[in-house]
Structure formats: C-alpha cells, structure tokens
Amino acid sequence: MLCGFSVAFSNTQVVGRSFMVTGASSGIGRVTAMAIAKKGGTVHMVCRNPDKAEEARADIIRESGNTEVHVHIVDMSETRKVWEFAEAFRKQYSVLNVLVNNAGCMLHKRELNADGLEKSFATNTMAVYVLTRTLIPLLQRTGIQGWYGQTQSSITVSSGSMFVQKLKVDDLQSENDYFDGVLVYAQNKRQQVVLTRQWAKANPIIHFSVMHPGWVETPAVSTSMPEFHKMMKGRLRTVEQGADTVVWLALCRAASRTRSGQFFQDRKAVPVHLPLAWTHSSSEDIQSFMGQLEALANAIQSRRPDVSSSSSTDLSNPLLV
Ligand SMILES: NC(=O)c1ccc[n+]([C@@H]2O[C@H](COP(=O)([O-])OP(=O)(O)OC[C@H]3O[C@@H](n4cnc5c(N)ncnc54)[C@H](O)[C@@H]3O)[C@@H](O)[C@H]2O)c1
C-alpha cells in the first residue's frame, strides 16, 4: 500500500503554475485539486454540478488557504460544450501548465448526447480528446513563454479495466452489440491509453501520461458497480491513496522527466498489455481510431450553433452517418 509523498516531493511548491482538473468536485479529482491548491498552484476545477462544485471550491479554499481556485461548469458528456469551453479558456487564459483529465463515468444504458454520440464514449473519450486537442496549443505556448526547465503536462485518469480490452475501431458508438456498460467503459479507458501514446509521439514538448488509480472508495464505484463495491468492502483504497499517482504526475518534477506517453500505477510506468495478451493494436487500427476522432471533432466544431440544439436521439444526425 502507498505510504504517502516522499520527502523531496513534500517540499514542492507550484505557486504561479496553473492546473485544470476535470471532475474536481468529488473523489480523485477533488483530492487532486486540494493537493495542488495546498502547494500554491492555481486550480481550474471543471465540474458538471454547480452546487457540488461551489461546495468543493469553498472547502478547498478553506483547507488550503489558497484563493486561486476557479470553477468552470461543463457537462463533459456534451462534446460541443466541451469544445466551446476549451476554446473560450484558450482565449481567456495565457497560461496552463497541467491538464488532468479525470472526469469519467460508467453508464449502464445506451444514451446519446446532443451531438448524437453515445454518452460513455462522449464523456470518457471524446471529451478527453477535444479538451486536450484544443488546449495543446496553450500548453505549448505556456512552455515557450517562460516556464524554462519545467514541462507542461497532460494526465489522464484511465483504469486497470482497460487491460482486458483491445482497441475496437468499427463500433465507437456501441451500436452493434448488446450495450454492456462495464465493457464500454473498459474500452473507453483503453482508448485513453492509445490516445496518450499518439499525443506523446506528436507533441514532444508536452509530457503525456495516463494512469490507473487502483480500486478506490468513491461515488463512481459505489453507484456504478454496487456488487463490486459490496464485495470489495474494506479493501478499496482511500481516495487519497487513489489520487496519489495523479498528484505525483501533476506536481513532481521527477514524474515529468519520465518518458512521455506511458501508463502509470503507483508512480511506476508499467506495460499497457498483460503478458501474452491479445490486446495489441495494429497501426492501421490506431490510425483509423485517430482519424475517426478527428473527423467527429471537426464535424462538431464546424456545425452551426442552431444545429447543436437538435434532439439527443436524432439518429439522422450528420455526425453518425
Ligand atoms: N474509483 C475507482 O476505483 C476507479 C478505478 C479506475 C479508474 N477510475 C477513474 O477515476 C476517475 C475519477 O473517478 P472517481 O473514482 O474519483 O469517482 P467520482 O464519481 O468521485 O468522480 C468522477 C467525477 O467525474 C465527474 N463527471 C462524470 N461525468 C461527468 C460529466 N458528464 N461532466 C462533468 N463531470 C463529470 C463527476 O461529477 C465526478 O466529479 C474516473 O475517470 C474513473 O473512471 C476510478
């Protein structure tokens, strides 16, 4: 079990550095936002529920004494809203040092967002893709502007469930088979791992990482996997233990000196496939996946605003035909 932060790390201060954490009002995201605030960083909390977000913000300010904590209300399942938020943020702020893609969900019913995308995919994959892609120029600019010797980073909270999934490229919207929310979630988490590798290759100035927090006592587990939660009672990690590697990746210089694009567990880079696994992807599949995300993102960006208010169940949606 983890034993907490190392001595060198406990001396880290990040005053003046700017961090964005999605899903920051509860669980791992909230602990991460708190840890950053306590080290003096500016925190941008991206949350869906305004009341929970304000309650978390007030708690973080009270406990950390840091008032540089800001709330942005965004429903990450709504791809166009994510893009609009990221665009506005990129224009409004001149600095972003670290992006933590933490918001995630496991849904047990297939539902579509206003863009016609399946909501688990939209939240876990498309939101991460659109937010990161839109903010990469800001992360790069921040590096050029003067954080010499300090790397800008993007961290994505994936899951160990991705180990049982091979990237599937022929049904990103989970239209063809019975909708199994656990498998769809695991597939999305594999997609995050693939994305991280591709971004690392394409953007050498930024440090990309993706990680598994372990199995953690959070609302996500108790509400989405009640049976698993019951079975694991007393054996789940505390939320602080679950957030440890995210916080380490976000704050520690040693973390940003590791090779970009890797998957971390307990502060260590580990292989993204189990021994003898069948989960390796061909380069054609990876290119197809990246191409599909790019096409979806471009289609959403180029749509006229009046079209985005169409019905969430509109199967004639141009994005999906
Ligand atoms: N708890 C675990 O055992 C575990 C294991 C592996 C991976 N994870 C991952 O850790 C991350 C954090 O989850 P957690 O365990 O802290 O649970 P949590 O439920 O406390 O946190 C999830 C956060 O994501 C936010 N979120 C979900 N959908 C959103 C949406 N549409 N728009 C905006 N925000 C949204 C929630 O509001 C919440 O703040 C998730 O990505 C999850 O998949 C958790």
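The values are calculated or read from the model by the stated rules, or taken from the named source; none is laboratory data. Every value quoted in this text rests on a predicted model; they were computed, and no experiment measured them. Here the Cβ is made from the backbone with ideal geometry for all residues, glycine too, and neighbour counts use every protein chain on show.
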Among residues of segment 168-193, those that are part of a helix (DSSP H, G or I) and either away from the ligand (no atom under 16 Å from the Cβ) or surrounded by fewer than 16 Cβ atoms within 10 Å (Cβ to Cβ) (or both), counted
1
Criterion (closer than 25 Å to residue 218 by Cα, more than 13 Å from the ligand (Cβ to nearest atom), modelled with pLDDT of 95 or more and of a type in the set (Ser, Thr, Tyr)) met by exactly one of 22, 42, 32
42
For segment 203-220, state whether one or more residues are in a helix (DSSP H, G or I), out of contact with any strand residue (DSSP E or B) (no Cβ under 8 Å at 6 or more places or on another chain) and within 16 Å of the ligand (Cβ to nearest atom).
yes
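Matching residues to (1) within 18 Å of the chain's Cα centre (by Cα); (2) not hydroxyl-bearing (Ser, Thr, Tyr):
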position	(1), (2)
239	yes, yes
244	yes, yes
253	no, yes
256	yes, no
263	yes, yes
266	yes, yes
280	no, yes
283	no, no
So residue 177 fits all but one of (1) touching a helix residue (DSSP H, G or I) at 6+ places or on another chain (Cβ under 6 Å); (2) modelled with pLDDT under 95; what number is the exception?
(1)
Meets criteria (of a type in the set (D, E, K, R), within 19 Å of residue 249 (Cβ to Cβ) and not in a loop (DSSP other than H, G, I, E, B)) for residue 57:
no
Note down all Cβ pairs under 9 Å where the first residue falls in segment 241-255 and is within 14 Å of the ligand (Cβ to nearest atom) and modelled with pLDDT of 95 or more, the second is acidic (Asp, Glu) and outside any helix (DSSP H, G or I), and they're at least six residues apart or on different chains.
242/217; 244/266; 245/266
From (1) small (Gly, Ala, Ser); (2) surrounded by fewer than 16 Cβ atoms within 10 Å (Cβ to Cβ); (3) within 27 Å of residue 252 (Cα to Cα), pick out the condition that doesn't hold for residue 234.
(3)
Only residues in segment 23-38 that are farther than 19 Å from residue 73 by Cβ and of a type outside the set (A, V, I, L, M, F, W, C) count as the first member; pair them with residues that are assigned to a helix (DSSP H, G or I) and more than 7 Å from the ligand (Cβ to nearest atom), Cβ under 7 angstrom, at least 6 apart or cross-chain, and list the lot.
38/64
Looking only at segment 252-274, count every residue that is outside any loop (DSSP other than H, G, I, E, B) and among the hydroxyl-bearing types (Ser, Thr, Tyr) and tell me the total.
1
Just to be sure I understand the filter: pairs with C-beta atoms under 6 Å, separated by 6 or more residues or on different chains, first member in segment 42-57 and farther than 17 Å from residue 77 by Cβ and among the small types (Gly, Ala, Ser), second member in a strand (DSSP E or B) and modelled with pLDDT under 95. Which pairs pass?
none
Restricting attention to segment 116-126, does a residue exist that is within 14 Å of the ligand (Cβ to nearest atom) and either at pLDDT below 95 or farther than 21 Å from residue 290 by Cβ (or both)?
yes
